[in-house]
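Participant: My questions will all concern the structure given below.
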Amino acid sequence: MRTRDFGRTGLKVSERGFGAWAIGGASYGAVPAQQALDALARAEALGCNFVDTAAVYGESEALLGRFLSGRRDRWIVASKYSGQPQGMTTLVHEQLRRLNTDRIDFYQLHWAPRGKDEALFDELDALKRAGKLRFVGVSLRSAGDIDHVLARPGIDGLQICVSLLDPDPLLARLALLRERGVGVIARSVLKGGFLTGKYDAAARFTDPADQRREWEPARILTLSEQARAFDFLAGSAGSLHAAAIAYPLSYPEVSTVILSCKSVEQVEANLGGESPASLPPAMLERIAQVQRSLGVYPASRAARLWRRLKSRILRA
């Protein structure tokens, strides 16, 4: 598997990383422990060296701790603080024990703190200076979040949604990300599985441990219709699934895409085989045209201001 620089940290991360949310068993259905461990082992065999987890992902960190015994130096481990009541420093020590390690390679705040919560950045820095965390950053949502976080020093990387259906905020802040030289982790690349071609409008999620069980049929219908608008990519990329993975990697500012896996079969589909390293410029332009037609392409500042003004006029 190809590797990329993780910003200016000196870390070399596999282009496709293991998203460990699903193996925790709390959000995408129950997962037997051995199945999760087998999936991680297969990912390692395929050349994956980056795994992303969080304390709120069920049993994910504990399973990783079991898996990493005797092979810690083969993996770059990322985790997160999600506002737990015991505080970040206490949580980090708990996570180090669960993960069976003395350091976390990349540690993220699970949101972009503002106001009094910005004191967390100083706590992050202290944990980094103490050697508990090697590099630090933020998992965030919007272009405004990127602006806010990168106005601060000491940020090594960011995690953002990037998919065929979520070109914003990456495209809206490409120049800033390039200028700051931070590592960029792309998440939600397959949009809940709908960009694999696996689900259609009739899809329903009945497992009580699957967070998609709460999705309304209207949301599922919209996602399936939007995903079908990219079916043309299958011919050149081999499948919609492969194209969806290659899309974020078409931008050199992206260091790795994390792909949620909870079985060997999913590891093979997401991390195995040959996927295009990137999509050609002409294909990216056609994708942008479809994104504009779907209303998901990042608008210019003038267009955003006009939409806001028009909305106010209509409400008046």
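Participant: If we scan region 240-251, do we find a residue that is within 16 Å of the chain's Cα centre (by Cα), among the polar types (S, T, N, Q) and open to solvent by 10 Å² or more (accessible area, probe 1.4 Å)?
Facilitator: So far as region 240-251 goes, yes, one or more of its residues are within 16 Å of the chain's Cα centre (by Cα), among the polar types (S, T, N, Q) and open to solvent by 10 Å² or more (accessible area, probe 1.4 Å).
Participant: Report, ordered by the first and then the second residue, all pairs with beta carbons closer than 7 Å, sequence separation of six or more or different chains, a first member in region 170-186 that is charged (D, E, K, R), and a second member that is open to solvent by less than 30 Å² (accessible area, probe 1.4 Å) and not in a strand (DSSP E or B).
Facilitator: Close Cβ pairs (under 7 Å, with a partner that is open to solvent by less than 30 Å² (accessible area, probe 1.4 Å) and not in a strand (DSSP E or B)) amount to Arg173/Ala143; Arg173/Ile146; Arg178/Glu253; Arg180/Leu150.
Participant: Looking at region 13-36, which of its residues are free of Cβ contacts under 8 Å to residues at least 24 places away in the same chain and under 22 Å from Asp73 (Cα atoms)? Reasoning before the result, please.
Facilitator: Our first condition is that a residue be free of Cβ contacts under 8 Å to residues at least 24 places away in the same chain; within region 13-36, this holds for 32, 34.
Gln34, the sole residue that qualifies.
Participant: Of all residues in region 1-26, count the ones that are open to solvent by 70 Å² or more (accessible area, probe 1.4 Å) and aromatic (Phe, Trp, Tyr).
Facilitator: The qualifying residues number 1.
Participant: Next up: More than 27 Å from Gly25 (Cβ to Cβ), open to solvent by less than 40 Å² (accessible area, probe 1.4 Å) and β-branched (Val, Ile, Thr): is that true of Val92 in this structure? Outline the logic, then answer.
Facilitator: Details: more than 27 Å from Gly25 (Cβ to Cβ): no; open to solvent by less than 40 Å² (accessible area, probe 1.4 Å): yes; β-branched (Val, Ile, Thr): yes.
Judged against the criteria, Val92 is not a match.
Participant: Of the numbered conditions (1) touching a residue at least 60 places away in the same chain (Cβ under 8 Å); (2) open to solvent by less than 30 Å² (accessible area, probe 1.4 Å), Phe135 fails exactly one; give the number of that condition.
Facilitator: All conditions pass for Phe135, except number (2).
Participant: Six or more apart or on different chains, Cβ atoms under 9 Å: show the pairs whose first residue is in region 274-294 and in contact (Cβ under 8 Å) with a residue 24 or more places away in the chain and under 21 Å from Cys48 (Cβ atoms) and whose second is open to solvent by less than 90 Å² (accessible area, probe 1.4 Å) and of a type in the set (D, E, K, R).
Facilitator: That search, which allows pairs on different chains as well, returns Ser275/Glu15; Ser275/Arg16; Ala277/Glu15.
Participant: Does region 178-186 contain any residue that is under 26 Å from Pro298 (Cβ atoms), modelled with pLDDT of 95 or more and touching a Pro at 6+ places or on another chain (Cβ under 6 Å)?
Facilitator: yes
Participant: Here are some conditions: (1) over 22 Å from Gln159 (Cα atoms); (2) surrounded by fewer than 21 Cβ atoms within 10 Å (Cβ to Cβ); (3) out of contact with any strand residue (DSSP E or B) (no Cβ under 7 Å at 6 or more places or on another chain). Gly29 meets all but one. Which one does it not meet?
Facilitator: (3)
Participant: Out of everything in region 110-132 that is among the small types (Gly, Ala, Ser) and farther than 14 Å from Ser82 by Cα, what residue ends up being surrounded by the most Cβ atoms within 10 Å (Cβ to Cβ)? Outline the logic, then answer.
Facilitator: First, the residues of region 110-132 that are among the small types (Gly, Ala, Ser): 112, 115, 119, 126, 130-131.
After this cut, where a residue has to be farther than 14 Å from Ser82 by Cα as well, the list is 115, 119, 126, 130-131.
Numbers: Gly115: 6, Ala119: 10, Ala126: 13, Ala130: 11, Gly131: 9.
Among those that are among the small types (Gly, Ala, Ser) and farther than 14 Å from Ser82 by Cα, it is Ala126.
Participant: Among the residues of region 203-226, are any surrounded by 15 or more Cβ atoms within 10 Å (Cβ to Cβ), in contact with a helix residue (DSSP H, G or I) (Cβ under 8 Å, 6 or more places away or on another chain), of a type in the set (Phe, Trp, Tyr) and closer than 28 Å to Asp38 by Cβ?
Facilitator: yes
Participant: Additional query: Here is a check on your reading of the model: is Asp168 over 27 Å from Val77 (Cβ atoms), in a loop (DSSP other than H, G, I, E, B) and in contact with a Pro (Cβ under 6 Å, 6 or more places away or on another chain)? Talk me through it step by step, then tell me what you get.
Facilitator: Working: over 27 Å from Val77 (Cβ atoms): yes; in a loop (DSSP other than H, G, I, E, B): yes; in contact with a Pro (Cβ under 6 Å, 6 or more places away or on another chain): yes.
When the stated conditions are applied, Asp168 passes them.
Participant: Does Ala39 satisfy the criteria of being surrounded by 20 or more Cβ atoms within 10 Å (Cβ to Cβ), among the small types (Gly, Ala, Ser), touching a residue at least 12 places away in the same chain (Cβ under 8 Å) and touching a strand residue (DSSP E or B) at 6+ places or on another chain (Cβ under 6 Å)?
Facilitator: Values: surrounded by 20 or more Cβ atoms within 10 Å (Cβ to Cβ): yes; among the small types (Gly, Ala, Ser): yes; touching a residue at least 12 places away in the same chain (Cβ under 8 Å): yes; touching a strand residue (DSSP E or B) at 6+ places or on another chain (Cβ under 6 Å): no.
It is false that Ala39 is surrounded by 20 or more Cβ atoms within 10 Å (Cβ to Cβ), among the small types (Gly, Ala, Ser), touching a residue at least 12 places away in the same chain (Cβ under 8 Å) and touching a strand residue (DSSP E or B) at 6+ places or on another chain (Cβ under 6 Å).
The values are calculated or read from the model by the stated rules, or taken from the named source; none is laboratory data. Quantities reported herein were computed from a predicted structural model and do not represent experimental measurements. As a convention, Cβ positions derive from the backbone with ideal geometry for all residues, glycine included, and neighbour counts pool all protein chains shown. Keep in mind that these areas ignore ligands, DNA and RNA; they rest on the heavy atoms of the full protein, side chains included. Shrake-Rupley method; radii C 1.70, N 1.55, O 1.52, S 1.80 Å.
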